[in-house]
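Beneath this line is the structure, given in structure tokens, with notes to follow.
Taken together, the values in this text are just the output of simple stated rules run on the coordinates, not laboratory data. Small disclaimer: the values here were computed from a predicted structure and weren't measured. Glycine also receives a Cβ, built like all others from the backbone with ideal geometry; neighbour counts cover every protein chain displayed.
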Amino acid sequence: MTLVLEIEYLSGVSFAAIGPDSDTPDWPPQPDRVFSALVASWAARGQNAEEAAALRWLESLPAPQMHASQAESRTAPVVFVPPNDSRSDRQKNAKGLLPALRNRQPRRFPAARPLTPILHLYWLEAKPEQKTVEALQQLASDTSYIGHSASLTRCRFLYVDNNKPAPDDAEHPRRRIYLGRLDELCRDFKLERRPLPGPPVSETSREIEYASAVFDTHWLILEHIAGEMPDVRACAIVSKTIRDTLLSGYRQIGCGDQIPEVVSGHTIEESPSQQPHLAIVPLLFAGFPHADGHVMAFALVPPRSQTILEDDTFRRALRKLAPVDERRGRRVLTVKTREGTPRTQAFRIDLSPTFDPPPGKRSLDPSLYLGPSRTWATLTPIVLDRHLKRTGEARQEEVEQQIAAACSNIGLPDPEGVVVDKHCALEGAVSAYASGASPPWMSWRLPAFLASRQLTHAVVRFSEPIQGPVILGAGRYLGLGLCRPSTRERI
């Protein structure tokens, strides 16, 4: 049997975005968004126990297949709306509450107009009890919108024979729900916190749990939109500058003494953090035919299960640093150095934060780095954790041992094989080091605390598939050791 959820957009328009700063509509609405709408109906109906059990049953199923028509994106200009009402007694009596003096915050309302306003989600071979179907049907009948409240919907569940499976052109979703999602949404609601989107779904496997590293799949992309981007060999310097800029944002909003360790990478005593923290990685045009390895964006990659990208103080700091540029119609974060060094020129670049990969820029899609795969190749070279002491063949073995230890450091199992090389296995990526006759600018530029370490590219193979992202070595928090799954080995 097949469980089907039919959703009709009554006005023919879907208003939905992944985050408040997104300018791209989320079409078709992903299962995590649909599930959130059902949970909202459950809460409004009084949090019935049988309906909660039905939702927990639904979150335990594999990701559904989806069938939706193509949609045209409507333009999403910046509009300025009043903020929420003040909560403190002091603010409630402020003159800023007067309509003429009230502050306005920039907002976008991305919308998609589908060619056919009906969407179907198919859970194949689902076997719910009759009471579960009835509970889900009651929730669906009370779900009047999905996404923004302007997205009016009619929803219903159907239970049909397997003789009528999902259409041939049905697609797998980009994001999924999972066990514990209902409890997580309830917890975020009580804390008055925006919930994170559901995790990405790999295109080929949706039911198997793979080993994964300490890094999360939910990234904030900083798309390069202006200024001369430094060469990829200086990506660690740029990543460090981006981190320093983020720290300055905390100071600008008066929270300089509240910078979390997960952002700064340092403890209160200013010693290096021993806990996983925010990695800042370059997104390159590499691994494709005719790729040249230039940097198209950077991405903020938090540790797994961390919610720093959704943290209110972090977002305030980011909004302070990246105000809305009305001419461009998007937020712009300017990252710059005051002066260059003998090996690195001064730079000033404009980056635009977004959670959505820009259409037409495949190199900016985080799913490229997620796998699962048994074989992973470095896109930027690994910085070895320790100085090498051996020579000859023993030196090669020492490098392989350090890379195996680097896998262990981020929570991965020991690899079954490591191949190291000066050159990258992916087309367009830059070699780990230049030849002796090369000019200085062809060498990788590293911060002082990494400058004496050796760099190497590697291909790492595991006995079982690994879920990304995989970032290895001493420079992993500055974008070095960033790996991509082998396209021939992806599961």
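Structural remarks
- Mean Cα-pair separation over length for the chain, i.e. relative contact order, pairs under 8 Å, 6 or more apart, %: 17 percent
- Net charge of neighbours whose Cβ lies under 12 Å from the Cβ of LEU364, counting Lys and Arg as +1 and Asp and Glu as -1: -1
- Dipole orientation for the chain: of the candidates PRO358, GLY481, PRO197, PRO358 has the Cα lying most toward the positive pole (charges on Cβ; Lys, Arg +1; Asp, Glu -1).
- Magnitude of the charge dipole, segment 368-485, Cβ model with Lys/Arg +1 and Asp/Glu -1, debye to 20: 360 debye
- When segment 236-357 is described by a simple charge dipole with +1 on each Lys and Arg Cβ and -1 on each Asp and Glu Cβ, the residue from GLN274, THR245, PRO302 located farthest towards its positive end is THR245.
- Residue (of SER373, LEU388, ASN409) at the positive-pole extreme of segment 368-485, dipole from beta-carbon charges: LEU388
- Distance between the pseudo-spin-label points of ALA437 and LYS127 (7 Å out from Cα toward the beta carbon): 7.1 nm.
- Protection-proxy order for peptides 145-151, 355-361, each taking the mean of Cβ atoms within 10 Å per residue, highest first: 145-151, 355-361
- Estimated vicinal HN-Hα couplings, Hz - segment 166-178 in sequence order (Karplus 6.51, -1.76, 1.60; Gly, Pro = x): 5, x, 4, 8, 5, 10, 7, x, 8, 10, 9, 9, 7
- Label-reachable residues, segment 1-17, where backbone N falls under 12 Å from a point 7 Å from LEU158's Cα toward its Cβ: 2-8
- Residues of segment 292-327 with amide N under 11 Å of a point placed 7 Å along Cα→Cβ from TYR178: 304-306
- Kirkwood hydrodynamic radius of the chain, from inverse mean 1/r over distinct Cα pairs, in Å: 24.6 Å
- Debye, to nearest 20: dipole size of segment 293-424, +1 on Lys, Arg Cβ, -1 on Asp, Glu Cβ: 760 debye
- Coarse-grained scattering of segment 220-366 at q = 0.14, 0.15 Å⁻¹, given as base-10 log I(q)/I(0) from a Debye sum over alpha-carbon atoms: -0.71, -0.81
- Restriction of the chymotrypsin sites (Phe, Trp or Tyr not before Pro) in segment 230-333 to DSSP coil positions whose beta-carbon has at most 16 other beta-carbons within 10 angstrom yields no sites.
- Backbone HN-Hα couplings from phi across segment 416-422 [Karplus 6.51/-1.76/1.60, Hz, Gly and Pro as x]: 8, x, 9, 10, 9, 7, 5
- Here the extension length gained between GLN274 and ALA346 equals 22.8 nm, from 0.36 nm per residue of separation less the Cα-Cα distance.
- Charging the Cβ of each Asp and Glu at -1 and of each Lys and Arg at +1, and nothing else, the dipole of the chain about its Cα centre rounds to 1680 debye.
- Annotated for the chain: lysine pairs at least 8 residues apart or interchain, Cα distance under 26 Å, count 12.
- Only helical runs count toward this figure. For the chain, summing -39,500 (n - 2.57) over DSSP H runs of n ≥ 4 and dividing by all residues gives -6500 deg cm²/dmol at 222 nm.
- Sorted ascending by nearby beta carbons within 10 Å, beginning with the fewest, MET229, MET442 become MET442, MET229.
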